[in-house]
Amino acid sequence: MEVGPRDGLQNEPAVVETRAKLAFIEALVGAGLTRIEITAFVNPRWIPALADQAEVARGARAHPGVRYAALVPNVKGYEAATSSGVHEVAIFLAATDGHNQKNINCSTAEALSRYREVTARAHADGRPFRAYVSCAFGCPYEGKVAPGRVVDLVGKLLALGAYEVSIGDTIGVGNPRQTVELVRALKDVAPLDRLALHLHDTRGTALANIAAALDEGVCSFDSSAGGLGGCPYAPGASGNVATEDLVYMLEGMGVRTGVDLDKLVRASLALEDALGRRLPSKVLAAMRSACA
């Protein structure tokens, strides 16, 4: 799942124009990415960078085999997203009450109760939905998170009908051993084809953690073109693992991704121009002059 247009841009101090966002999405599709989270239908006061949510959702061109997703915090967001034409929605909550109180202003139990209404609507509409569990490896407010808390929450989200649950290392504190332990614990409640990992590269361990998870049988990962991203409610969290870095590693390991790396790099370079700064992807840096 490419999350650059949503998770990548939500924390940027510079607001990217709608037409530049749409060009970015179109370039990502051109590079071969088929699952793209394009925006979030949240109150613009929370995330001003995504205030053009409806314009982006309506303006993203349809392509055969390409699915666009949007994050929604409640039924109001769900209704706005679906009326704007997105193919699927995503709900989100943390494994800790501390982060949930800061991020969505409620406890974990309250968040689950709120999402029951959203998921009931999605079921009634025949619309697939995905779920995020953030702070699964560590929390900026509560510290280390026990795997059992994550396992319990994943089981509840799957019971609600999520087709996939994305496990997030929001502050980038995880290591390969911790990743293996968590994935093995999750196998008790979740088929591996219904799990994804969403890893921030704050301490440079995201690719190592992905490789460890891949060895355990996980094959779905979130990434952000250029390494864009960060969480406004997780101080110090840097960007997601860069899509370029992930594609380069996987292809080098013999894992076919269907992504054209040169075209992906060009998509990120164009976004650099819109942002007025260089993005942190290492592969992007290595290929910048060749693909400029």
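Each reported figure results from applying straightforward, stated rules to the coordinates on display, with no laboratory input. Treat the numbers as computed from the prediction; the structure is a model and nothing was measured. When we count neighbours, we look across all protein chains shown, and the Cβ atoms used for this are built from the backbone with ideal geometry, even at glycine.
What residues from the range 42-59 fall in the zone where the backbone N is under 19 Å from a label point 7 Å along the Cα-to-C-beta line of Glu117?
Residues 42-44 qualify, since their backbone N sits under 19 Å from the label point.
Stretch Leu192-Lys263 to full length: gain in nm at 0.36 nm per residue minus the Cα-Cα span?
Working: separation 71, 0.36 × 71 = 25.56 nm, distance 3.01 nm.
Here the segment from Leu192 to Lys263 would lengthen by 22.5 nm.
What percent do you get for the relative contact order of the chain when only Cα pairs under 8 Å and 6+ apart count? Write out the running numbers ahead of the final one.
On the way: 591 pairs, mean separation 54.2, N = 292.
In percent, rounded to a whole number, it is 19.
Rounded to the nearest 0.05, what FRET efficiency do Trp46 and Asp215 have when you use their Cβ-Cβ distance and R0 = 45 Å? All intermediate terms of the calculation are to be shown ahead of the outcome.
Values: r = 38 Å, r/R0 = 0.84.
So the FRET efficiency works out to roughly 0.75.
In whole Hz, with x marking every Gly and Pro, tabulate ³J(HN,Hα) for the range 112-117 from phi via Karplus 6.51 cos²θ - 1.76 cosθ + 1.60, θ = phi - 60°.
4, 4, 5, 6, 4, 5
Identify the GluC sites (Glu not before Pro) of the range 1-40 meeting these criteria: DSSP loop state and at most 13 other C-beta atoms within 10 Å of the C-beta. The partial results should precede the final answer.
Values: sites: Glu2, Glu17, Glu26, Glu37; in loops: Glu17.
Here the sparse-neighbourhood loop sites are Glu17.
I'd like the FRET efficiency for Arg256 and Lys76, computed as 1/(1 + (r/R0)^6) with the beta carbon distance as r and R0 of 30 Å, rounded to 0.05. Please list the in-between numbers first.
On the way: r = 40 Å, r/R0 = 1.34.
It comes to 0.15.
Just to be sure I understand: of the beta bridges DSSP finds with both ends in the range 4-291, what percent are antiparallel, rounded to 5? Could you put the intermediate results ahead of the total?
Details: 3 of 29 bridges.
Counting DSSP beta bridges with both partners in the range 4-291, the antiparallel share is about 10 percent.
Given a Förster distance of 45 Å, report the FRET efficiency between Asp273 and Ala185 from their Cβ-Cβ distance, rounded to the nearest 0.05.
For Asp273 and Ala185, the calculated efficiency is 0.55.
Which three extents, in whole angstrom, do the alpha-carbon atoms of the range 4-291 cover along their principal axes, largest first?
Taking max minus min along each principal axis of the Cα atoms, the range 4-291 gives 49, 42, 35 Å.
Just to be sure I understand the curve: with the Debye formula and one point per C-alpha of the range 134-177, what is log10 I(q)/I(0) at q = 0.20 Å⁻¹?
For the range 134-177 at q = 0.20 Å⁻¹, log10 I(q)/I(0) is -0.65.
Can you tell which of Ala90, Thr257, Gly172 lies farthest toward the positive end of the dipole of the range 4-291, using +1 and -1 charges on the Cβ of basic and acidic side chains (Lys, Arg; Asp, Glu)?
Checking the options against the dipole of the range 4-291, the answer is Ala90.
Just tell me which lysines come within less than 20 Å, Cα to Cα, of Lys156; anything on the same chain fewer than 8 places away is out.
In chain and number order, the partners are Lys187.
Can you work out D for the range 1-158 in µm² s⁻¹ from Stokes-Einstein, where Rh is the Kirkwood radius over C-alpha pairs, the temperature is 37 °C and the viscosity is 0.692 mPa s? Could you put the intermediate results ahead of the total?
Details: Rh = 16.2 Å.
Estimated via Stokes-Einstein, D reaches 202 µm²/s.
In Å, what is the Rg of the alpha-carbon atoms in the range 97-237, and how long is Dmax?
Calculated on Cα positions, Rg and Dmax stand at 14.6, 42 Å.
What full-extension length gain, to one decimal in nm, is calculated for Ala208 and Arg127 as 0.36 nm per residue of separation minus the Cα-Cα distance?
Values: separation 81, 0.36 × 81 = 29.16 nm, distance 3.39 nm.
The span from Ala208 to Arg127 would gain 25.8 nm if fully extended.
Normalised by the number of residues in the range 60-162, what is the relative contact order in percent for Cα pairs under 8 Å and 6+ residues apart? Could the numbers behind the result be given before it?
Details: 134 pairs, mean separation 27.1, N = 103.
Across the range 60-162, relative contact order equals 26 percent.
Taking the dipole about the Cα centre of the chain, with the C-beta of Lys and Arg at +1 and of Asp and Glu at -1, give me whichever of Leu192, Asn100, Asn11 is farthest to the positive side.
The Cα lying farthest towards the positive end belongs to Asn100.
Projected onto the charge dipole of the chain (+1 at Lys/Arg Cβ, -1 at Asp/Glu Cβ, origin at the Cα centre), which of Val75, Leu112, Val151 gives the Cα projection farthest towards the positive end?
Val75
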